[in-house]
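We did not get these values from a lab; they are worked out from the coordinates using the rules stated. Please read these numbers as outputs of a predicted model, since none were measured by experiment. Neighbour counts are summed over all protein chains in view; Cβ atoms, including those assigned to glycine, are modelled from backbone coordinates with ideal geometry.
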Amino acid sequence: MNNYEYIIASLPELTAGWKFGEKRPEDYIEEIVSLCSEKDCSTISFLRDGFQDEKLDKEFYKKALTHGNSFIRAYFLFDLNVRNAKVRYLNRALGRPSDKDVMKFPEDSEKEVAEIAEADFEEAARLENVLNSGDILSRERGMDDLVWEKIDSLTTFSYFDLNAILGFITKLHIVARWYGLDERAGREMFKRLVDEVRGTFKGVEYNG
């Protein structure tokens, strides 16, 4: 039996001065994993592998784009598109060929993955605007805002299922990164994350 409702309902209460303190993002994830089935834990593990740059090779994306979970497939297609767009942006800035170091999948050997990877990138124009914005922190925040919105779109109708949990963990990863860059921004983002999930829980509970 899955415990998605309990996981969402057991998120911490926040105060104005809330900080991660002794409880780190890893602790929250360990708690979530302890309440999930073996199959769900495997999917969560795959998702978290995608947060490690050294694991993001062609083999990883091939598995991600054909994964059995819909959030994994859609999120990592978006992630691949964002990373390739960033590479092209840097190539232009450095005067290099546009597609240098861009990850592609030859159709003759990986037709299914190639067709998925070539799907329209709806957020391309917005990402381009973000990349052309001012300072580095503004660009980073803009890209993470875009990722956050994408997660929202992928979990719109996910209330008490694995995709809701995967979305939460992905947002938590963003929050943790911002704590390293700007603690105040990280704290605000975590409050936003918990408020969103608690609001969903209460809304569904009320309407149930």
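Between 0 and 90 degrees, rounded to the nearest ten: what's the tilt of helix 183-207 against the longest Cα principal axis of the chain?
Taking the Cα atoms of the chain, the angle to 183-207 is about 60 degrees.
So how far apart, in nm, are the two label points at Glu5 and Cys41 if each is 7 Å from Cα heading toward Cβ?
For the pair Glu5/Cys41, the computed spacing is 2.4 nm.
What length, rounded to one decimal in nm, is gained on full extension from Glu115 through to Lys100, with 0.36 nm per residue of separation minus their alpha-carbon distance? Before the final figure, lay out the partial values.
On the way: separation 15, 0.36 × 15 = 5.40 nm, distance 2.03 nm.
Computed gain between Glu115 and Lys100 is 3.4 nm.
For Lys58 and Asp145, calculate 0.36 nm times their separation in residues minus their Cα-Cα distance, and state this gained length in nm to one decimal. Please report the intermediate quantities before stating the final value.
Details: separation 87, 0.36 × 87 = 31.32 nm, distance 2.59 nm.
That pair, Lys58 and Asp145, stretches by 28.7 nm at full extension.
May I ask you to list the lysines whose Cα is less than 30 Å away from that of Lys111, ignoring any residue fewer than eight positions away on the same chain?
Within the straight-line cut-off, Lys111 pairs with Lys39, Lys55, Lys58, Lys62, Lys63, Lys86, Lys100, Lys150.
Per DSSP H run of n ≥ 4, the term is -39500 (n - 2.57); total these for the chain, divide by its residue number, and report the mean residue ellipticity at 222 nm rounded to 500 deg cm²/dmol. If you can, show how the numbers build up before the last one.
Working: 10 runs with 144 residues, N = 208.
About -22500 deg cm²/dmol.
Compute a Gaussian network model of the chain, connecting alpha carbons closer than 10 Å, and tell me which residue from Ile169, Ile116, Ile151 fluctuates the most.
Of Ile169, Ile116, Ile151, the most mobile in the Gaussian network model is Ile116.
Per the Cauchy relation, a quarter of the hull surface: what is the mean projected area of the convex hull of the alpha carbons in the stretch 25-207, in nm²? Present the calculation step by step, with values, prior to reporting the outcome.
Details: hull surface 47.8 nm².
Projected over every direction and averaged, the Cα hull of the stretch 25-207 covers 11.9 nm².
Within 10 Å, at most 14 other Cβ atoms, and a DSSP state outside H, G, I, E, B define an exposed site. Report the longest part of the chain free of exposed GluC sites (Glu not before Pro). Walk me through the numbers before you get to the answer.
Numbers: sites that count: Glu13, Glu22, Glu118, Glu122.
That gives 23-117 as the longest site-free run.
Considering only Phe60, Phe190, Phe78, give the residue with the highest GNM mean-square fluctuation for the chain, with springs between Cα atoms whenever their separation is below 10 Å.
In this elastic network of the chain, the residue with the biggest mean-square fluctuation among Phe60, Phe190, Phe78 is Phe60.
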